[in-house]
Amino acid sequence: MEVITYKCPNCGGVLEFKSESQSWKCEFCLSDFDDREIKSIEKGLLSEKEKRAEAEREFEAIGKTYSCTSCGAEIVTDSTTSATFCYYCHSPAILPGQLSGKFRPAKVIPFKIKKEAATEAFIKWCKKKPLLSKDFTSASQLQHLSGVYIPFWLFDCDIRGKISAEGRNIRTWVSGDKRYTETKYYDVGRSATARFIKVPADGSKKTDDQLMETLEPFDYNQMVDFSMPYLSGYMAEKYDLDDGAVYGRIVERLKDYSNKLLRDTITGYSSVSVRSCSVDISKSKVQYVLLPTWMFTYNYKGKVYVFAMNGQTGKIAGSLPISNKQVAAWFIGISAGVFSLLTLGGMLL
Amino acid sequence: MINTFKRLSAVLVLLLLLSSIMVFGVDQKVYDEAMLFSESELQALESRASELGQELKLDLVIVTIEDNMGKTSRQFADDFYDENGFGYGSEADGVLFLINMADREVYISTSGKAIKYLTDARIEAILDRVYDYLPDGHYGDAAMAFLTQVENYVRTGIPSTQHTYDEDTGRIVKEETPLAQKLFYYFIIAIAAAGIVVGIMAAMNKGIKGTNKHTYLDTKSFNVFNRYDHHVNTQQTFVVIKKDPPSSGGSSIGRSTVHRSSSGRSHGGGGRKF
């Protein structure tokens, strides 16, 4: 199976997608290529590929071996990787076979944040946490920092929901020597339809669903049609959970959202108690896309911490460890402060 | 020889007498100067007053006089109590019952915690009971009734409406919560505040979800196509508002009126002529 590496037509060096300029740059001769130019390079490459495809069909039947087009080393990946780097010469290697047919994404959001900016932003985020041990960013080792395109399924769904509740309106007034309380009871019902657009669910077994959900929302306005050159310089995964497998999570989420939206339509009562709420969800469209994330793996005091950063918006997800010393320090500090304030106040008053 | 024996026995008797006086000295509760009680009544009252006093932690003192030393019953009772150092604890908790034959008055003086237990209303009630025995001169029974009534009220407890009214200043005395209790509350509040803040800080160590029900909603598509609000029932109830008892003059329920005696200490109490 052949690997694609986009090479600079001027000097033959590797081309990587640069998020800060949203274009492709050659590391060696510093030439810059935009969207259109890269497409023509791609066309040239692919036509060459077709010529060699015949010869390789035999190999395809036996097994998948990839070799780096720059240095010839064997590229080792797992079954879901679709873009990676050669371990020896670090040239980006895109595996088109993993991205063909049903595995070809419809859209992609290219990276907007470059590696150094990601690291800086992460350290800044850490500095703002009062309960994080001061030496986390220095004493911990950044095991991995990689820009990865994670496969996502985007669902468009129509929902139809019905809610029934009891509403109460309470009035009190005083007349003579009596305090009157009047309670009016209402039987309340609402039915509504709505549409949710591009609700994401990650299609990769390896990634933590909660972590990915915390990265949301992505700005879909910057989503473009997929083409392989965007992956150059980053890692990418193809899905191993198809849209049917992740639909369950989407249903859960949409049911929750619908319940809340319906409940919001009941207004004007002193108190409301919901009797029942039912929601029907139907899928109207599913899209397979790749969304950019920076994945940080830190090793701190023997434990591994994984953080993710939205490669487009910079939002960070993940749990930082809590330093018991700092918890104690803050707790004692605040309680001592409040206590002395109260005692002083008590004395003065 | 016989002389020394006589001498020794005299000394012994004297010592015995002295010791018995010393035993009674501090712990004597009944001072019957007007000689109103019989020997048996005296003993009964003495033992009852001591017993009850120790149990309730209130000094119960009974005094009868013929000569009021130029003082009013109130002054006499307060001063007698203060000067003889009666009372349990730092507040000198206790009650004194005075039968003043010179002015033909009975008077009850309260000190310390007893001020709270015996409100003005309760004192009047005790005087009512005691009064029945006075016309016929059954002073022993009157004093015993006093002890019994005080016991009842103390066992019942301080009434919830109790408040102390200082007649000299004309103001209600605010209950000072003891320092220890105040500090305890401050401690709890401080810990709670610290707990909440640290809790919030700990939550900050994680990322928070940035999506809600509106994030993916196509707002124009939200359409409520059916709604109903049916009024099914109305219920009306009422409660009668209790009017607070009038607090101008007279004795309101739960009031304990106090004044300062010559020694400067606070006393409550009340009396009646018979």
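The values are calculated or read from the model by the stated rules, or taken from the named source; none is laboratory data. All values derive from a computational prediction rather than experimental measurement. Every residue, glycine as well, gets a Cβ built from its backbone with ideal geometry; the counts of neighbours run over all protein chains shown.
Okay, here's what the table says:
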{"item": "Whichever residue in the stretch B:37-88 is among the polar types (S, T, N, Q) and assigned to a helix (DSSP H, G or I) and, among such residues, is farthest from B:Gly268 (Cα to Cα)", "result": "B:Ser40"}
{"item": "Residue match in the stretch B:173-185 (condition: surrounded by 15 or more Cβ atoms within 10 Å (Cβ to Cβ), at the interface with another protein chain (Cβ under 9 Å from one of its Cβ atoms), free of Cβ contacts under 8 Å to residues at least 40 places away in the same chain and of a type in the set (Phe, Trp, Tyr))", "result": "no"}
{"item": "Hits in the stretch B:41-61 (condition: surrounded by fewer than 20 Cβ atoms within 10 Å (Cβ to Cβ) and either small (Gly, Ala, Ser) or in contact with a Leu (Cβ under 9 Å, 6 or more places away or on another chain) (or both))", "result": "B:Ala44, B:Ser47, B:Arg48, B:Ser50, B:Leu52"}
{"item": "From B:Ala142, B:Ala192, residue being small (Gly, Ala, Ser), over 20 Å from B:Thr257 (Cα atoms) and surrounded by 15 or more Cβ atoms within 10 Å (Cβ to Cβ)", "result": "B:Ala142"}
{"item": "Any chance A:Asp187 is in contact with a strand residue (DSSP E or B) (Cβ under 9 Å, 6 or more places away or on another chain) and within 30 Å of A:Val76 (Cβ to Cβ)", "result": "no"}
{"item": "Tabulated pairs, the stretch B:84-101, first among the hydroxyl-bearing types (Ser, Thr, Tyr), second in a loop (DSSP other than H, G, I, E, B), C-beta under 7 angstrom, 6+ apart or interchain", "result": "B:Tyr88/B:Lys57; B:Tyr88/B:Leu58"}
{"item": "Test: A:Thr265 is more than 30 Å from the chain's Cα centre (by Cα), within 24 Å of B:Asn226 (Cβ to Cβ) and either at pLDDT 95 or above or facing chain B (nearest Cβ under 8 Å) (or both)", "result": "yes"}
{"item": "Residue selected from the stretch B:71-81 under the condition surrounded by fewer than 22 Cβ atoms within 10 Å (Cβ to Cβ) and touching a strand residue (DSSP E or B) at 6+ places or on another chain (Cβ under 8 Å), by the criterion nearest to B:Asp32 (Cα to Cα)", "result": "B:Phe80"}
{"item": "Which listed residue is away from chain B (no Cβ under 11 Å), farther than 30 Å from A:Asp225 by Cβ and touching a residue at least 40 places away in the same chain (Cβ under 8 Å), from A:Asp240, A:Asp280", "result": "A:Asp280"}
{"item": "Residue identified as over 30 Å from A:Val251 (Cα atoms) and in contact (Cβ under 8 Å) with a residue 12 or more places away in the chain among B:Thr161, B:Thr169", "result": "B:Thr161"}
{"item": "Unique match (being on the phi < 0 side of the Ramachandran plot and facing chain B (nearest Cβ under 7 Å)) among A:Ala317, A:Ala328", "result": "A:Ala317"}
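Residue-wise test of (1) among the hydroxyl-bearing types (Ser, Thr, Tyr); (2) assigned by TED's automatic domain parsing to the domain that holds A:Ala201; (3) out of contact with any His (no Cβ under 9 Å at 6 or more places or on another chain).
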site: A:Thr80; (1), (2), (3): yes, no, yes
site: A:Lys134; (1), (2), (3): no, yes, yes
site: A:Pro151; (1), (2), (3): no, yes, yes
site: A:Gly161; (1), (2), (3): no, yes, yes
site: A:Tyr185; (1), (2), (3): yes, yes, no
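Let's see how each residue does on (1) in contact (Cβ under 8 Å) with a residue 40 or more places away in the chain; (2) more than 14 Å from chain B (Cβ to nearest Cβ); (3) under 30 Å from B:Asn223 (Cβ atoms); (4) in contact with a Phe, Trp or Tyr (Cβ under 7 Å, 6 or more places away or on another chain):
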| position | (1), (2), (3), (4) |
| --- | --- |
| A:Lys114 | yes, yes, no, no |
| A:Pro130 | yes, no, no, yes |
| A:Ser133 | yes, no, no, no |
| A:Phe136 | yes, no, no, yes |
| A:Tyr185 | no, no, yes, no |
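This table checks each residue for (1) modelled with pLDDT under 80; (2) under 29 Å from the mean Cα position of the chain (by Cα); (3) of a type in the set (Val, Ile, Thr).
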residue	(1), (2), (3)
A:Ile4	no, yes, yes
A:Gly12	no, no, no
A:Lys39	no, yes, no
A:Lys49	yes, no, no
A:Ala73	no, no, no
A:Ala83	no, yes, no
A:Cys86	no, yes, no
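Table: residues versus (1) under 15 Å from A:Leu231 (Cβ atoms); (2) part of a strand (DSSP E or B).
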position: A:Gly12; (1), (2): no, no
position: A:Glu20; (1), (2): no, no
position: A:Trp24; (1), (2): yes, yes
position: A:Ile38; (1), (2): yes, no
position: A:Lys43; (1), (2): no, no
